[in-house]
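Asker: Can you keep this structure in mind? I'll have questions shortly.
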Amino acid sequence: MKSGVLARYKDYLNLTPQTPMFSMGEGDTPLVRSRTLEKETGCGELYFKLEGCNPTGSFKDRGMVVAVAKAMEAGSKAIMCASTGNTSASAAAYAAYCGLTAIIMVPEGKIAPGKLAQAIVYGAKIVQIDGNFDQALHLVLKLTETHPVTLVNSLNPHRIEGQKTAAFEIIDVLGDAPDFQFIPVGNAGNITAYWKGYVEYYKSGKAKRRPKMMGFQAEGAAPIVRGHIVEQPQTIATAIRIGNPASWHKAEAARDESGGIIDMVSDAQILEAYHLMATKEGIFGEPASAASLAGLLKLSRQGSDFSGKRVVCIVTGNGLKDADIALKDAGQFARISPKMEDVEKMLGWR
Ligand SMILES: *Cc1c(COP(=O)(O)O)cnc(C)c1O
């Protein structure tokens with residue numbers, strides 16, 4: 001049985017004897033070795049960290065379990081977040097498990113159907129606004145200040161604490177930190193959390209080195225790369241469709257302290273990586289998750305040398321959440337009669 005993030009990493013989390021201990025099975029996600037793209041990108045070793053294997057299908061569960069445990073410890077009965085989808089799915093599930101009310105605010109029409117379905121079925125109170133994520137977050141921050149409900153966006157420090165455990169797992173499996181970690185950047189909480197995890201394990205002697213953090217935003221939603229807020233962020237990768245990241249400065253610190261970069265990839269590059277990851281590695285990540293590999297492909301094509309290096313790409317969420325993208329991108333399937341002959345003809349066997 002999986003012990004979960006709270007029990008497994010209790011020594012590294014800010015828990016007290018009063019913190020309720022529970023798990024929906026989050027964490028301990030697979031780190032799988034690449035079979036094909038490792039050679040294509042010229043990496044010494046390339047691994048994918050499959051965060052889509054968490055209970056609600058994204059890394060958000062790691063932070064949510066800690067945030068919800070601490071909210072309960074403080075006596076809270078309700079949690080609230082703004083979300084591009086995965087935070088709300090996770091908040092709704094953990095609230096259901098713990099008997100709390102979840103209130104989620106989502107941007108109208110810009111949330112992947114699978115994620116909305118999750119929030120609905122877990123029984124969250126859903127507020128859709130005619131605006132974008134940044135506007136939703138602004139409202140939620142104000143509301144949680146003035147009402148008895150706990151904020152569970154990544155501005156809640158317990159979210160970052162929980163999410164840093166993914167870096168611990170990578171080191172626990174590989175025996176040391178990788179040389180490079182590629183990661184999508186949206187609200188920038190996750191790059192912040194990984195860096196915190198790597199630094200803590202390094203300081204405690206569990207790792208001898210720290211990776212370069214390679215963050216990637218979508219071109220139409222790249223405020224950190226461009227150096228200014230993007231008022232109308234646009235990208236098919238809805239999970240990183242954010243124009244004013246809450247952890248902007250912490251992400252820059254992670255980049256600078258690690259000697260890494262924060263760069264951007266186009267939607268075309270994201271979609272290419274999305275398909276390559278699925279067809280060459282058998283990994284179905286959601287579009288935002290493909291920004292990691294898109295970034296690695298971009299740099300290796302520009303001539304960056306990863307030979308002899310250990311590289312990890314974080315696959316942040318499960319592709320089934322946003323199956324519409326896969327279907328829209330596909331051509332028409334041939335439709336034929338249910339006759340053996342016709343099937344064989346179609347397959348070119350006759
Ligand atoms: C939340 C999320 C991201 C972006 O993470 P940030 O912490 O907002 O930078 C990327 N991919 C997926 C699947 C997500 O759910």
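Asker: Excluding residue 132 itself, what net charge comes from residues whose Cβ is under 12 Å from its Cβ, given Lys and Arg +1 and Asp and Glu -1?
Answerer: -2
Asker: Within the set of other residues whose C-beta is less than 15 Å from the C-beta of residue 162, count the net charge using Lys and Arg as +1 and Asp and Glu as -1.
Answerer: The answer is 0.
Asker: I'd like the distance separating the alpha-carbon centroids of the stretch 317-347 and the stretch 235-312, in whole Å.
Answerer: 29 Å
Asker: Another question, then. Say R0 is 45 Å: what FRET efficiency, to the nearest 0.05, do residue 302 and residue 147 get from their beta-carbon distance?
Answerer: Calculated value: 0.40.
Asker: Next up: What aspartates and glutamates sit close enough to residue 206 to cross-link, taking a C-alpha to C-alpha distance under 14 Å and skipping anything fewer than 8 places away on the same chain?
Answerer: Here the aspartates and glutamates satisfying the reach criterion relative to residue 206 are 11, 169, 172, 176.
Asker: Roughly to the nearest percent, how much of the accessible area of the stretch 59-155 is carbon and sulfur, given a 1.4 Å probe?
Answerer: After summing per-atom areas, the C and S share lands at 58 percent.
Asker: Got a number for carbon plus sulfur as a percent of the stretch 228-305's accessible area, 1.4 Å probe?
Answerer: 50 percent
Asker: Any idea how far apart residue 347 and residue 117 come out in nm if each label point goes 7 Å out from Cα toward Cβ?
Answerer: 2.9 nm
Asker: Take the Cα atoms of the chain, find their three principal axes, and give me the spread along each one in whole Å, biggest first.
Answerer: Its Cα atoms span 70, 48, 46 Å along the three principal axes.
Asker: Using just the C-alpha positions of the stretch 19-162 as equal point scatterers, what log10 of I(q)/I(0) does the Debye formula give at each q in 0.15, 0.16, 0.20, 0.21 1/Å?
Answerer: -0.72, -0.80, -1.12, -1.21
Asker: Using the Karplus curve 6.51 cos²θ - 1.76 cosθ + 1.60 with θ = phi - 60°, work out ³J(HN,Hα) for each residue of the stretch 100-107 in order, rounded to whole Hz, and write x for Gly and Pro.
Answerer: For the stretch 100-107, the Karplus-derived couplings read 9, 8, 10, 10, 10, 10, 10, x Hz, x marking Gly and Pro.
Asker: Go through 278, 165, 21 and say which Cα lies farthest out towards the positive end of the charge dipole of the chain; charges sit on Cβ, +1 for Lys and Arg, -1 for Asp and Glu.
Answerer: Among 278, 165, 21, the one farthest towards the positive end of the dipole of the chain is 21.
Asker: Tell me, what ³J(HN,Hα) does each residue in the stretch 290-307 have, in order and in whole Hz, if you take phi through Karplus 6.51 cos²θ - 1.76 cosθ + 1.60 with θ = phi - 60° and put x for Gly and Pro?
Answerer: Each residue of the stretch 290-307 in turn: 6, 4, 4, 5, 4, x, 5, 4, 4, 5, 5, 6, 7, x, 5, 9, 10, 5 Hz.
Asker: With the Cα gyration tensor of the stretch 199-350 giving a ≥ b ≥ c as the square roots of its eigenvalues, does the rule (a/c under 1.5 for rounded; else a/b larger than b/c for prolate; else oblate) give rounded, prolate or oblate?
Answerer: Judged from the Cα gyration tensor, the stretch 199-350 comes out prolate (a/c at least 1.5, a/b above b/c).
Asker: Select from 57, 67, 120 the residue farthest towards the positive end of the dipole of the stretch 20-148; place +1 on Cβ of Lys and Arg, -1 on Cβ of Asp and Glu, and compute about the Cα centre.
Answerer: Working it through, the farthest residue towards the positive pole turns out to be 120.
Asker: Give me a comma-separated list of calculated 3J(HN,Hα) values for the stretch 164-180, in order, Karplus coefficients 6.51, -1.76, 1.60 applied at θ = phi - 60°, integers in Hz, x for any Gly or Pro.
Answerer: For the stretch 164-180, the Karplus curve yields 5, 5, 5, 5, 4, 4, 4, 5, 4, 7, 7, x, 6, 6, x, 7, 9 Hz.
Asker: Looking at this model, which pairs from 77/125; 10/203; 10/321 are more than 20 angstrom apart at the alpha-carbon?
Answerer: With Cα atoms farther than 20 Å apart: 10/321.
Asker: Can I ask one more? Excluding residue 304 itself, calculate the net charge of residues whose Cβ lies under 14 Å from the Cβ of residue 304, where each Lys or Arg counts +1 and each Asp or Glu counts -1.
Answerer: So the environment of residue 304 carries a net charge of 0.
Asker: Right, something else. Can you classify the stretch 91-199 as rounded, prolate or oblate using the Cα gyration tensor, where a ≥ b ≥ c are the square roots of its eigenvalues, rounded means a/c under 1.5, and otherwise it's prolate if a/b beats b/c and oblate if not?
Answerer: It comes out prolate by the Cα gyration axes.
Asker: Now for a different question. For the stretch 221-285, what is the accessible area per residue in Å², given a 1.4 Å probe and the full set of protein chains?
Answerer: Counting only protein heavy atoms, the per-residue value for the stretch 221-285 is 43 Å².
Asker: Right, here's the next one. Using packing as a proxy for protection, rank 302-310, 131-139, 280-288 so that the peptide with the highest average count of other Cβ atoms within 10 Å comes first.
Answerer: So the peptides 302-310, 131-139, 280-288, ranked by packing, come out 280-288, 131-139, 302-310.
Asker: Further question on the same structure: Taking 0.36 nm per intervening residue step and subtracting the Cα-Cα distance, what contour gain separates residue 320 from residue 45 on full extension?
Answerer: Length difference between fully extended and current span is 96.3 nm.
The values are calculated or read from the model by the stated rules, or taken from the named source; none is laboratory data. Nothing here was measured: the structure is a model prediction, and the numbers come from that model. Note that we place each Cβ from the backbone using ideal geometry, even for glycine, and neighbour counts take in every protein chain shown. When the accessible area is computed, the model is the full protein with side chains, heavy atoms only, and any ligands, DNA or RNA have been set aside. Shrake-Rupley method; radii C 1.70, N 1.55, O 1.52, S 1.80 Å.
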